[in-house]
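Chemist: Supplied in structure tokens, the structure appears directly below.
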Amino acid sequence: ETGVTQSPTHLIKTRGQQVTLRCSSQSGHNTVSWYQQALGQGPQFIFQYYREEENGRGNFPPRFSGLQFPNYSSELNVNALELDDSALYLCATSTGGYEQYFGPGTRLTVT
Amino acid sequence: SQQGEEDPQALSIQEGENATMNCSYKTSINNLQWYRQNSGRGLVHLILIRSNEREKHSGRLRVTLDTSKKSSSLLITASRAADTASYFCATPFYTGANSKLTFGKGITLSVRP
């Protein structure tokens, strides 16, 4: 157990809807990264937040957005859901060092 | 795009045997990390090796890094059924203050009791 929690565990949405996923940070971890993992693939970097500011973004469209709160917890929002957005969404927190601590993930299914 | 490429894609061994997994990457790195993932859940950090290190040990794990060949290997000795999982190598990249990770597609390890 890393101490990083994510909610919800599973989620089913319809194409075109919007979704918000949440991630709590370990104490003292001021950096949170979000990854998307499609079935049978490795995680793909979506974006990272550091001290409430976006600090790098992967190759994902603007309908993927995020927030980081003063307590360093974070949200990932996805608008206009598409079928290809079905994946495991992972958040990872760190103190800014090399090692990242992953939460258990949120399994999103878009129908 | 994925920086790391692991091989084999799948590995099945008997309990007690050693498991060797390989990873190749494309660009210069300052460290390489291995993670484990059980049944599509969160990733667990196993070990980090820095670019100036050639070999590192942690319990039953041994990692090597050859920067000239841009490759790394993970050896799990005396495997157990509980080692059954997917294993990923990850390399950092930098856009902004802190590092982010690029992962390979992973290796599925099955350890038969």
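Chemist: Mind counting the residues in segment A:83-95 that are farther than 19 Å from residue A:42 by Cα and either within 8 Å of chain B (Cβ to nearest Cβ) or in a strand (DSSP E or B) (or both)?
Modeler: 1
Chemist: Oh, and also: For residue A:21, which of the numbered conditions (1) assigned to a loop (DSSP other than H, G, I, E, B); (2) within 14 Å of chain B (Cβ to nearest Cβ); (3) out of contact with any His (no Cβ under 6 Å at 6 or more places or on another chain); (4) not aromatic (Phe, Trp, Tyr) fails to hold?
Modeler: With (1) assigned to a loop (DSSP other than H, G, I, E, B); (2) within 14 Å of chain B (Cβ to nearest Cβ); (3) out of contact with any His (no Cβ under 6 Å at 6 or more places or on another chain); (4) not aromatic (Phe, Trp, Tyr) applied to residue A:21, the lone miss is (1).
Chemist: Mind checking which residues of segment B:70-99 are within 16 Å of the chain's Cα centre (by Cα) and not hydroxyl-bearing (Ser, Thr, Tyr)?
Modeler: Matches in segment B:70-99: B:70, B:74, B:75, B:76, B:83, B:85, B:88, B:89, B:90, B:92.
Chemist: If you don't mind, another one. Take residue B:102 and decide whether it is part of a strand (DSSP E or B), within 10 Å of chain A (Cβ to nearest Cβ) and either farther than 14 Å from residue A:99 by Cβ or free of Cβ contacts under 8 Å to residues at least 24 places away in the same chain (or both).
Modeler: Spelling it out, residue B:102 is indeed part of a strand (DSSP E or B), within 10 Å of chain A (Cβ to nearest Cβ) and either farther than 14 Å from residue A:99 by Cβ or free of Cβ contacts under 8 Å to residues at least 24 places away in the same chain (or both).
Chemist: Could you tell me which numbered condition residue B:27 fails, if it satisfies all but one of (1) hydroxyl-bearing (Ser, Thr, Tyr); (2) in a strand (DSSP E or B); (3) more than 14 Å from chain A (Cβ to nearest Cβ)?
Modeler: Residue B:27 satisfies every listed condition except (2).
Chemist: Across segment A:69-83, what is the total count of residues that are closer than 18 Å to residue A:36 by Cβ and touching a strand residue (DSSP E or B) at 6+ places or on another chain (Cβ under 8 Å)?
Modeler: Of the residues in that region, 9 qualify.
Chemist: Just checking, does segment A:30-37 include any residue being touching a residue at least 12 places away in the same chain (Cβ under 8 Å), assigned to a loop (DSSP other than H, G, I, E, B), more than 10 Å from chain B (Cβ to nearest Cβ) and surrounded by fewer than 22 Cβ atoms within 10 Å (Cβ to Cβ)?
Modeler: Scanning segment A:30-37 turns up no residue that is touching a residue at least 12 places away in the same chain (Cβ under 8 Å), assigned to a loop (DSSP other than H, G, I, E, B), more than 10 Å from chain B (Cβ to nearest Cβ) and surrounded by fewer than 22 Cβ atoms within 10 Å (Cβ to Cβ).
Chemist: Of all residues in segment B:66-99, which are of a type outside the set (D, E, K, R), in a strand (DSSP E or B) and either out of contact with any strand residue (DSSP E or B) (no Cβ under 6 Å at 6 or more places or on another chain) or within 14 Å of chain A (Cβ to nearest Cβ) (or both)?
Modeler: Correct list: B:85, B:86, B:87, B:88, B:89, B:90, B:91, B:92, B:93, B:94, B:99.
For (1) assigned to a loop (DSSP other than H, G, I, E, B); (2) touching a residue at least 40 places away in the same chain (Cβ under 8 Å); (3) surrounded by 14 or more Cβ atoms within 10 Å (Cβ to Cβ), each residue gets a yes or a no:
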{"site": "A:40", "(1), (2), (3)": "yes, no, no"}
{"site": "A:47", "(1), (2), (3)": "no, no, yes"}
{"site": "A:81", "(1), (2), (3)": "yes, yes, yes"}
{"site": "A:97", "(1), (2), (3)": "yes, no, no"}
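Chemist: Could you figure out which of (1) away from chain A (no Cβ under 14 Å); (2) closer than 30 Å to residue A:34 by Cβ; (3) among the basic types (Lys, Arg) isn't true of residue B:60?
Modeler: Going through (1) away from chain A (no Cβ under 14 Å); (2) closer than 30 Å to residue A:34 by Cβ; (3) among the basic types (Lys, Arg) one by one, residue B:60 breaks only (2).
Chemist: Would you call residue B:37 closer than 27 Å to residue A:89 by Cβ, surrounded by 13 or more Cβ atoms within 10 Å (Cβ to Cβ) and at pLDDT 95 or above?
Modeler: Answer is yes for this residue.
Chemist: Inspect segment A:56-77 for any residue being modelled with pLDDT under 95, closer than 30 Å to residue B:49 by Cα, surrounded by fewer than 16 Cβ atoms within 10 Å (Cβ to Cβ) and of a type in the set (D, E, K, R) and give the result as yes or no.
Modeler: No, every residue in segment A:56-77 fails to be modelled with pLDDT under 95, closer than 30 Å to residue B:49 by Cα, surrounded by fewer than 16 Cβ atoms within 10 Å (Cβ to Cβ) and of a type in the set (D, E, K, R).
The values are calculated or read from the model by the stated rules, or taken from the named source; none is laboratory data. Remember, predicted model here, so these are calculated numbers, not experimental data. With ideal geometry, Cβ positions are generated from the backbone for all residues, glycine too; neighbour counts draw on all protein chains shown.
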